[in-house]
């Protein structure tokens, strides 16, 4: 099942296409939407792989899978440069959403 997610104001400029702005709305799967929402709700905090796998997919501790990495990769691709630079990989730990892009370039204003 696919969900329709409209980027938050100030995150993406939906009116002026640029390297930071994907289409006005981005089509995400249910799991991608849950993952993105969880990361954004905990902006600036590293969420462990185990926490994300158990919360979004219901996996138990110790489950070894690459599904989280694949979903993060797909999210980065769908969100474009501005969104992708906000998802930070914390090596051997998990992922974090940053309020500012990590590449240092300012986002366009809405």
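The values are calculated or read from the model by the stated rules, or taken from the named source; none is laboratory data. Everything numeric here is computed off the predicted structure, so don't read it as measured data. Neighbour counts run over all protein chains shown; Cβ positions are idealised from the backbone, glycine included.
A few comments on the model shown:
- Residues (touching a residue at least 40 places away in the same chain (Cβ under 8 Å) and within 11 Å of the chain's Cα centre (by Cα)) located in region 57-85: 71, 74, 75, 78, 79, 80, 82, 83
- Selected residue (only one of 39, 79 is at pLDDT 95 or above, out of contact with any helix residue (DSSP H, G or I) (no Cβ under 7 Å at 6 or more places or on another chain) and crowded, with 18+ Cβ neighbours inside 10 Å): 39
- The residues of region 48-76 that are surrounded by 17 or more Cβ atoms within 10 Å (Cβ to Cβ) and in contact with a helix residue (DSSP H, G or I) (Cβ under 7 Å, 6 or more places away or on another chain), listed by number, are 49, 52, 53, 56, 59, 68, 71, 75.
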